[in-house]
Structures are given as structure tokens and as C-alpha cells.
1. Filter the range 171-206 down to residues that are in contact (Cβ under 8 Å) with a residue 24 or more places away in the chain, over 23 Å from residue 161 (Cβ atoms) and within 18 Å of the chain's Cα centre (by Cα), then give me how many there are.
2. Across the range 383-400, what is the total count of residues that are part of a loop (DSSP other than H, G, I, E, B) and within 16 Å of the ligand (Cβ to nearest atom)?
3. Condition first: part of a loop (DSSP other than H, G, I, E, B) and either open to solvent by less than 30 Å² (accessible area, probe 1.4 Å) or at positive phi (or both). Can you find one or more residues in the range 37-48 that meet it?
4. What are the residues in the range 401-436 that are farther than 22 Å from residue 75 by Cβ and away from the ligand (no atom under 15 Å from the Cβ), if any?
5. Could you check the range 359-374 and list, in sequence order, the residues that are within 14 Å of the ligand (Cβ to nearest atom) and either buried (at least 19 other Cβ atoms within 10 Å of the Cβ) or touching a residue at least 60 places away in the same chain (Cβ under 8 Å) (or both)?
6. Say whether the condition of being among the β-branched types (Val, Ile, Thr) and within 16 Å of the ligand (Cβ to nearest atom) is met by at least one residue in the range 67-83.
7. Residues of the range 409-457 being part of a helix (DSSP H, G or I), within 24 Å of the chain's Cα centre (by Cα) and either over 19 Å from residue 303 (Cβ atoms) or not β-branched (Val, Ile, Thr) (or both), which ones?
Amino acid sequence: MELRLPKDFFMGAAMSGPQTEGAYRTGGKLENIWDTWSDLSISDFYNKVGSYVGNNFYEKYEEDIKLFKSLGLDSFRTSIQWSRLMDQDQKLNPEGADFYHKVCACAKEQRIELFMNLYHFDMPAYLFRKGGWENREVVEAYATYARTAFREFGKEITYWFTFNEPIVEPDQRYRDGLWYPFIQDAKRGMAVQYHLSLAHCLAVREFQKAKEEGFLLPEAKIGLINCFAPPYTKEDPSPEDLEALRMEDGVKNRWWLDLVAEGRLPKDILETLKDSGLLPDIRPGDEQILAMGRVDWLGFNYYHPSRVQAPREKFDQKGYPKYADAYVWPEAKMNIYRGWEIYPKGIYDFGMKMKEEYPNLKFFISENGMGVEHEDRFRDKEGQIQDDYRIEFVKEHLEWILKAIQDGAKCMGYHYWGLIDNWSWNNAFKNRYGMVEVDLAGNYQRRWKKSAAWIQEVIRAREQEIS
Ligand code: BG6
């Protein structure tokens with residue numbers, strides 16, 4: 001396999017506002033759902049490190065953006081925190097806006113392209129108390145927030161994204177009950193998933209309006225980022241296993257792909273949901289809203305595949321039909337710290353699926369990375385973390401991306417997730433993702449790991465073989 005990063009293949013860093021900024025009560029920032037959970041039960045967070053800290057990006061954004069430049073990166077994705085930009089009356093918070101203007105100005109000065117996402121699992125607490133994504137009023141509030149952001153930063157940002165991983169909150173908070181408010185209810189999960197879809201579409205509508213009215217740069221683009229874990233089942237599947245695969249792929253992947261490529265939700269999935277009593281409340285006029293969901297391009301976060309089989313139990317504890325159980329592939333190679341399978345070929349399979357089924361939709365790898373616990377073990381005599389495992393991980397994924405491009409996938413670039421160690425939700429700083437270490441005991445000082453120098457070389461050698 002020949003390994004050349006094409007000249008126009010961009011390389012960047014992915015992070016998010018709530019995982020990096022810290023300063024959770026500075027500059028008029030409101031409480032968000034992570035602050036609520038941290039206040040309620042701090043022992044749910046690894047080492048009792050709640051949502052307050054981030055990696056101090058609020059203070060260190062200039063240093064970080066310069067660091068990206070020194071690595072040779074082209075772009076950087078973060079998110080605006082809704083709870084920082086807006087006040088409780090859904091008006092702009094000038095102090096919050098000021099911070100993001102400074103980030104934009106710094107990125108411009110360093111010639112780092114900013115990719116700005118509007119939502120990364122960070123619902124403002126006052127809206128969560130109104131029912132969060134279960135309430136359509138909150139969908140409207142999100143559209144107001146998106147409109148405000150487009151108009152405020154329209155001349156400073158080219159690349160916009162409505163959501164990061166809109167599948168995660170329905171799953172983690174409402175179906176699997178792993179994140180606050182710990183609900184396990186497939187019906188409520190579906191309502192949340194549907195409302196997130198409408199919210200995405202309303203934000204795209206606001207984007208188009210802002211563009212028509214001259215608030216945006218003419219070349220501005222809108223996208224959606226999701227984790228499309230390519231689904232697989234057993235090698236010799238039963239019809240029930242194949243049905244589990246259809247539903248897994250339909251609810252988690254095709255749902256969003258059809259929405260952003262075709263402006264509708266997959267009909268076969270809606271039918272199955274209807275038969276199962278799980279159909280969300282689809283109202284007159286919604287079809288027109290969904291039709292506005294088409295985007296310019298897509299962000300594909302890839303960490304692991306999804307392997308499913310027919311469910312052992314037909315119904316869940318609430319009496320709704322179950323559509324799939326997890327299947328552990330005996331040959332799986334695991335990231336034992338995160339409990340995720342490492343399967344670089346999945347990125348290629350997704351690329352081929354895009355080529356076949358959504359040939360007009362360009363995409364980029366918007367997150368990919370490896371979180372490892374106790375990286376202190378890997379320090380050399382000079383104190384540098386020798387993260388060869390991370391180099392191997394990224395190299396293998398880049399190889400498969402390049403093969404996908406050679407075979408016709410429209411993959412435009414790659415963002416490494418957590419380029420600088422950041423706060424991983426309730427895992428806090430347990431698994432470190434960074435190519436750059438953050439010293440929590442030493443004033444959040446940044447220090448290169450071995451992989452930082454490696455990626456710098458990869459970028460320098462674009463159009464040459466990766467060594
Ligand atoms: C992605 C999210 O799902 O995975 C990030 O967009 C997240 O916010 C990343 O941090 C890695 O997952 P985790 O749970 O190990 O931090």
C-alpha cells in the first residue's frame with residue numbers, strides 16, 4: 001500500500017469547549033448539564049474531577065493555537081459553549097462573545113483554520129430543567145442560539161458544524177442511563193434523537209438565512225459531525241442477526257446520513273419504530289423542517305466499530321422491543337483502558353459505504369485518537385512520554401484512510417482528537433488522548449509527547465511516504 005498524504009489533505013486538532021475551557025463561572029458563563037451533574041455527585045467523576053477545569057484553554061488559547069501552528073497543523077476544531085455565549089433570556093452574553101472573538105482572531109493571526117461546532121453534549125442547565133431535548137421549546141431555543149452565533153461570528157468563521165455526535169446523548173443519557181439524568185427508556189431516547197434532528201435542521205435553516213442576508217462569508221460551509229461506528233455482525237449470521245444489523249445501522253448511522261444527504265429520515269426505520277411503539281411525535285410541518293437538513297459536508301468521528309447480534313431478550317425492562325445486543329468478536333484487538341475495539345479497517349469500510357451510498361457527500365475524519373491510562377509509565381529519562389502505541393494507532397488509521405481515498409472515498413482531511421490532553425467527561429483525566437501532555441499538578445503546563453514530533457514529521461512529509 002502506497003502511503004502518501006495528498007497535498008490538499010488537511011491535518012488538524014479536535015477539541016471541544018466544555019472539555020478544555022475551564023473557567024466555568026467566569027465571564028457570565030451559565031451552569032450547564034455537566035456542572036449540574038458535578039455538583040450533584042462529584043464521586044461519579046474519576047478522581048472527583050468535575051466539569052470545572054478543562055485543560056485551561058480559556059487562559060491558554062494563544063499558546064495552544066501557536067502550538068498547533070508549530071506542529072504544522074492546518075486546522076483546529078472546538079465548540080462554542082451555549083452556556084457561555086448566551087444568557088438566560090437567550091440574548092448574547094458580551095463577555096462570552098468576547099472570548100470567542102479572541103480565539104477567532106488568534107487563529108486568524110496564526111493562519112489556523114477554525115472549525116466551529118455549536119454543541120458538544122453541553123445543554124445549559126436552565127434549559128435542561130425545562131425538559132432538555134425532550135422539549136420542543138428547547139429545539140427553538142437552540143435555533144435562536146445558532147442564529148445569534150452565525151450573526152456574531154459570521155465574518156470570522158468559515159467552517160461551521162451544528163452538532164458533535166447527536167447520537168450520544170440519546171444513547172448515554174436516555175437509553176443506556178450511563179450519564180446524568182441516567183434514564184433507561186427507549187421511547188424517551190427516540191424523542192431526544194428526533195428533537196436533535198429537528199434542531200440540526202433549524203440551525204441549517206438559520207445558516208442559510210444568515211448567508212442570504214450577508215452575515216456569513218460567501219465560502220462559509222455547514223456540516224454535521226457524528227460517530228458513525230461501522231456496524232458488523234457474526235461471520236455466519238442468522239436472519240435475526242441481520243435484522244439487528246439493519247436496525248443498528250439504521251438508527252445510529254443511516255438516520256443521520258439520510259438526514260444530511262437527502263433531507264429525510266430512513267423510511268424503513270420509521271416503520272419499524274412505529275410497529276415497536278417507539279415512533280417519536282412527528283408533527284405536521286416536520287417533513288419540511290427535515291428537508292432543510294442537507295449539509296455541505298460531514299465530519300466522521302471514528303474510534304471503534306460496532307458489532308451486534310440478535311438480542312437474547314425480545315423486550316427491554318419497559319416492554320419495548322430490543323433490536324440488538326452487543327457481539328464480542330473473538331479476534332478483537334482492544335484498547336483495554338477505554339474498552340474500545342481498535343479496528344482501523346472500519347474507517348475504510350465507512351469510506352466505501354459513503355462512496356457507494358452517499359457519493360456526493362464529502363467528509364473528513366473529525367475525530368480519531370487513543371486514550372491511555374497512567375502514561376507516566378512511559379516517560380523516558382528526559383521525562384518525555386514515549387507513546388509509540390499512539391503513533392502506531394494513528395499510522396494504521398491514516399493508512400486505511402489513504403487506501404479509501406485511492407479507492408474513491410471523498411475524504412478531505414484528518415483531525416486528531418484530544419491533541420492536547422483534555423477532560424473526558426466522567427472519565428475526567430483517566431485516559432489521556434493528547435500528543436501533548438497537560439501537567440495537572442504543574443499549572444496545566446503543556447509538554448510534547450513523542451507522537452507530537454512524529455505527527456509534525458508526517459505533516460512535513462506530505463506527499464512523501466509515512467515512515
Ligand atoms: C467522542 C467525543 O465521542 O469521543 C469526545 O466527541 C470524547 O467528546 C471522545 O472525549 C473520546 O471519548 P472519551 O469518553 O474517552 O473522552
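The values are calculated or read from the model by the stated rules, or taken from the named source; none is laboratory data. All values reported here derive from a predicted model rather than from experimental measurement. Glycine gets a Cβ as well: all are built from the backbone with ideal geometry, and neighbour counts include every protein chain shown. These area figures cover heavy atoms from the full protein model, side chains too; ligands, DNA and RNA do not enter into them. Shrake-Rupley method; radii C 1.70, N 1.55, O 1.52, S 1.80 Å.
1. Within the range 171-206, residues that are in contact (Cβ under 8 Å) with a residue 24 or more places away in the chain, over 23 Å from residue 161 (Cβ atoms) and within 18 Å of the chain's Cα centre (by Cα) number 0.
2. So the answer is 1.
3. yes
4. Across the range 401-436, the qualifying residues are 403, 406, 407, 408.
5. 365, 366, 367, 368, 369, 370, 371, 372
6. Yes: the range 67-83 contains one or more residues that are among the β-branched types (Val, Ile, Thr) and within 16 Å of the ligand (Cβ to nearest atom).
7. Scanning the range 409-457 gives 425, 426, 427, 451, 452, 456.
For every residue, the table says whether it meets (1) open to solvent by 10 Å² or more (accessible area, probe 1.4 Å); (2) in a loop (DSSP other than H, G, I, E, B); (3) farther than 30 Å from residue 398 by Cβ; (4) in contact with a strand residue (DSSP E or B) (Cβ under 7 Å, 6 or more places away or on another chain).
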site	(1), (2), (3), (4)
28	yes, yes, yes, no
61	yes, no, no, no
70	yes, no, no, no
73	no, yes, no, yes
